[in-house]
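Novice: One structure, pasted below without further comment.
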Amino acid sequence: MKKICLLSDIPDHQAITCPYDDNYSMLVYRDGDTAYAYINSCPHAGVPLEWNAHEFMSADGLLLQCGTHGAQFEPPTGHCVHGPCKGAHLHKIAIKLMDGVVYQV
Ligand code: FES
């Protein structure tokens, strides 16, 4: 397993950007004691989602939102519920939490 970050690095109900591979970063979203990770690439045009560094959330704070054309995604599923790629999904990355550390499995 590869260590990604500490859960405490992520503000609750927000996401941060972490390295993934030579082509992509990943976003890691925290919901209390759990987290979800996705390739940081919008299904619409393949660009990173964040508005500014580590800023992914919609104005109401409930959904991940692409900063380019505004597609919105449910944090637990990566399902796009609004915007030009409605019905598409972010690419989920398998992670595991142990002792407050987020690992890629
Ligand atoms: S690139 Fe994300 S909505 Fe268009």
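The values are calculated or read from the model by the stated rules, or taken from the named source; none is laboratory data. Because the structure is a prediction, the values reported are computed rather than measured. Heads up, the Cβs are rebuilt from the backbone with ideal geometry, glycines too, and the neighbour counts pull from every protein chain shown. Ligands, DNA and RNA are excluded from the accessible area calculation, which covers all protein heavy atoms including side chains. Shrake-Rupley method; radii C 1.70, N 1.55, O 1.52, S 1.80 Å.
Novice: Which members of the range 1-35 meet the condition of being open to solvent by less than 50 Å² (accessible area, probe 1.4 Å), free of Cβ contacts under 8 Å to residues at least 24 places away in the same chain and either within 16 Å of the ligand (Cβ to nearest atom) or polar (S, T, N, Q) (or both)?
Specialist: SER25
Novice: Going by the conditions given, is GLN104 more than 16 Å from the ligand (Cβ to nearest atom) and either at pLDDT below 95 or surrounded by 13 or more Cβ atoms within 10 Å (Cβ to Cβ) (or both)? Full working, then the answer.
Specialist: On the way: more than 16 Å from the ligand (Cβ to nearest atom): yes; either at pLDDT below 95 or surrounded by 13 or more Cβ atoms within 10 Å (Cβ to Cβ) (or both): yes.
It is true that GLN104 is more than 16 Å from the ligand (Cβ to nearest atom) and either at pLDDT below 95 or surrounded by 13 or more Cβ atoms within 10 Å (Cβ to Cβ) (or both).
Novice: Considering each residue of the range 67-87, count those that are of a type in the set (Gly, Ala, Ser) and either touching a residue at least 60 places away in the same chain (Cβ under 8 Å) or more than 10 Å from the ligand (Cβ to nearest atom) (or both), and give that number.
Specialist: Filtering the range 67-87 down to residues of a type in the set (Gly, Ala, Ser) leaves 67, 70-71, 78, 83, 87.
In the following step, the residues that additionally are either touching a residue at least 60 places away in the same chain (Cβ under 8 Å) or more than 10 Å from the ligand (Cβ to nearest atom) (or both) were identified as 78, 87.
Matching residues across the range 67-87 total 2.
Novice: Anything in the range 73-90 that is surrounded by 14 or more Cβ atoms within 10 Å (Cβ to Cβ) and under 24 Å from ASP9 (Cβ atoms)? List them, or say none.
Specialist: Across the range 73-90, the qualifying residues are PHE73, GLU74, PRO75, GLY78, LEU90.
Novice: While we're on this one: Filtering the range 4-26 down to residues that are within 25 Å of ASP60 (Cβ to Cβ) and in a loop (DSSP other than H, G, I, E, B), which residue is nearest to the chain's Cα centre (by Cα)?
Specialist: Of everything passing the filter in the range 4-26, GLN14 is nearest to the chain's Cα centre (by Cα).
Novice: Restricting to the range 36-66, and then to whatever is under 9 Å from the mean Cα position of the chain (by Cα) and either in contact (Cβ under 8 Å) with a residue 60 or more places away in the chain or part of a strand (DSSP E or B) (or both), can you tell me which residue is nearest to the ligand (Cβ to nearest atom)?
Specialist: Here the residue is LEU64.
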